[in-house]
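The values are calculated or read from the model by the stated rules, or taken from the named source; none is laboratory data. Remember, predicted model here, so these are calculated numbers, not experimental data. Glycine also receives a Cβ, built like all others from the backbone with ideal geometry; neighbour counts cover every protein chain displayed. Surface areas here come from the heavy atoms of the whole protein model, side chains and all, with no ligands, DNA or RNA. Shrake-Rupley method; radii C 1.70, N 1.55, O 1.52, S 1.80 Å.
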Amino acid sequence: MKGNVYTLIYAAVLGTICALVLTFAASFTAPYKKANAEAEEVENILMALNVPMPEDVSSEKLVEIYNKNVQEQQRGDITTYIYKPTGAAEGALAVRFAGPGLWGPIKGFLALDPTLTEIRGITFYEQEETPGLGGEIVKESFRDKFVGTSIRDQAGNLGIIIKTAGQEAPNKVDGISGATMTCDKVQQMLNEAIGSIIEEKQ
Amino acid sequence: MADQQLACATCQPKGLCGGKGILTLKEGAWANNPLSIQVLGICSALAVTNRLENSLVMGAAVIFVCVGSNLIVSLLRKRTPHRIRMIAEVAIIATFVILFDQFLKAFYWDMSKQLGPYVGLIITNCIIMGRAEAFALQNPPILSIVDGVANGIGYAVVLAIIGFFREFLGTGEILGHTIPVFSKWYTPNQIMILAPGAFFALGIVIGIFNWIKGPETEEKK
């Protein structure tokens, strides 16, 4: 009986100490983690908008670049991020998109040109697609294929196509072979985002 | 476990464990290397070794956790009730792992994202639990720290070797830096940074370690 009491007290004390240590660690690192998450979002928006930024920048610097170059604007339900560079270069407008992927949610930012005719850039900040197949959507080589893609087909209908096969078209992006499901889902969520931003514009 | 012969209570009076320290160090890092000889903890060894940098951070994490948990388990070894010793060990290990994870998340965000769940999964790494059970429970704190360092290094070195070759062959780079001349003509062999490359590399490393060590281990079994 005495042994049981000791065991219980031991477990309670050890558990409490471990919990205290972890609570302290979590509250100590919380502001850093928040800053990191913020910087990551900002970095994704900057990347989608193709805002020039130096390599290996600190998170404070990223937020600074963001505040200097990007304006947030509410259009109906959609928050748009507008980049207006100084000088002759054309800016871009980004929106957040999200939707179900093959294994989990996919989220990212889509940037269009100011007249809303073609894609300027795209980034994914959350995805759980199959590594090596659908997971390749985060690769620069895939994301770069979107740049310059028209958001309408030749007949003027809204929407882009992500497919490996088929004829070249101004609104077609070469898909990833072996990741048809992911490509279809990304296509669907991008077209939804494109649709809603065009609707809001009108 | 082959190191039960080390489990002694008489080694305290003679300086730093009277030569037991060196023996423990050798045992953990080489003769009974957790990865290449005992083939423990290979899940993380396969998963995070696609880049040398990841391998080094993972190795550091395991050294930190192994030393920390060995120390605490050893300090508490006479007070821990036998029946709940494993739960106590897991609680201690988990605390150290989460501390490291929080540290990475706060100060090395990109690295934390690359390692993903594997830092957290150190909790279930059998090397750590194995050292706590087999060594720290029977040995004094200082010797337990030595054992933690030895096994952590044993794991980290093998990980670094695998990480080095996978990154070198898979991308033609080292620590993310291109190598002059070599990177230009070398065509990266992508399979090395994907899962099959991990199996090839780990298998070859285990083979080489055992080949150097000679047939002695087989007789022991």
Where B:Ala132 falls short, out of the listed (1) more than 10 Å from chain A (Cβ to nearest Cβ); (2) out of contact with any Asp or Glu (no Cβ under 7 Å at 6 or more places or on another chain); (3) surrounded by 18 or more Cβ atoms within 10 Å (Cβ to Cβ); (4) more than 30 Å from B:Leu175 (Cβ to Cβ): (2)
Among the residues of region A:90-99, is there at least one that is on the phi < 0 side of the Ramachandran plot and modelled with pLDDT under 85? yes
Would you please name the residue that is most open to solvent (accessible area, probe 1.4 Å), looking only at residues in region B:198-219 that are among the aliphatic types (A, V, I, L, M) and at pLDDT 90 or above? B:Ile204
Can you find even one residue in region A:19-42 that is more than 7 Å from chain B (Cβ to nearest Cβ) and touching a Leu at 6+ places or on another chain (Cβ under 6 Å)? yes
Given (1) within 11 Å of chain A (Cβ to nearest Cβ); (2) of a type in the set (A, V, I, L, M, F, W, C); (3) open to solvent by 30 Å² or more (accessible area, probe 1.4 Å), identify the lone condition not met by B:Ala88. (3)
Any residue at all in region A:7-18 that is at negative phi, within 7 Å of chain B (Cβ to nearest Cβ) and in contact with a Lys or Arg (Cβ under 9 Å, 6 or more places away or on another chain)? yes
B:Ala150 vs. criteria assigned to a helix (DSSP H, G or I) and either more than 14 Å from every other protein chain (Cβ to nearest Cβ) or among the polar types (S, T, N, Q) (or both): yes
Residues in region B:164-184: is at least one within 14 Å of chain A (Cβ to nearest Cβ) and surrounded by 19 or more Cβ atoms within 10 Å (Cβ to Cβ)? yes
Residue satisfying all of: in region A:57-80; among the hydroxyl-bearing types (Ser, Thr, Tyr) and more than 17 Å from A:Leu110 (Cα to Cα); most open to solvent (accessible area, probe 1.4 Å) among these: A:Ser58
Quickly run through region B:114-128 and pick out the residues that are away from every other protein chain (no Cβ under 14 Å) and surrounded by fewer than 19 Cβ atoms within 10 Å (Cβ to Cβ). B:Leu121, B:Thr124, B:Cys126
Candidate set from region A:180-202 (those that are hydrophobic (A, V, I, L, M, F, W, C) and modelled with pLDDT of 90 or more); member that is most open to solvent (accessible area, probe 1.4 Å): A:Met181
Only one of B:Leu52, B:Leu75, B:Leu137 that is hydrophobic (A, V, I, L, M, F, W, C), buried (at least 17 other Cβ atoms within 10 Å of the Cβ), farther than 18 Å from B:Leu40 by Cβ and touching a residue at least 24 places away in the same chain (Cβ under 8 Å): B:Leu52
Condition first: open to solvent by less than 10 Å² (accessible area, probe 1.4 Å), in a strand (DSSP E or B) and without any contact (Cβ under 8 Å) to a residue 60 or more places away in the chain. Now tell me which residues in region A:107-120 satisfy that. A:Ile119
When you scan region B:105-113, do you find a residue that is in contact (Cβ under 8 Å) with a residue 40 or more places away in the chain, more than 16 Å from A:Thr23 (Cα to Cα) and either surrounded by fewer than 22 Cβ atoms within 10 Å (Cβ to Cβ) or under 19 Å from the mean Cα position of the chain (by Cα) (or both), even just one? yes
Here are the criteria: (1) over 27 Å from A:Ala37 (Cα atoms); (2) open to solvent by 70 Å² or more (accessible area, probe 1.4 Å). Tell me which single one A:Glu140 does not satisfy. (1)
When the residues of region A:159-179 are filtered to those that are in a loop (DSSP other than H, G, I, E, B) and touching an Asp or Glu at 6+ places or on another chain (Cβ under 8 Å), which remaining residue is surrounded by the fewest Cβ atoms within 10 Å (Cβ to Cβ)? A:Thr164
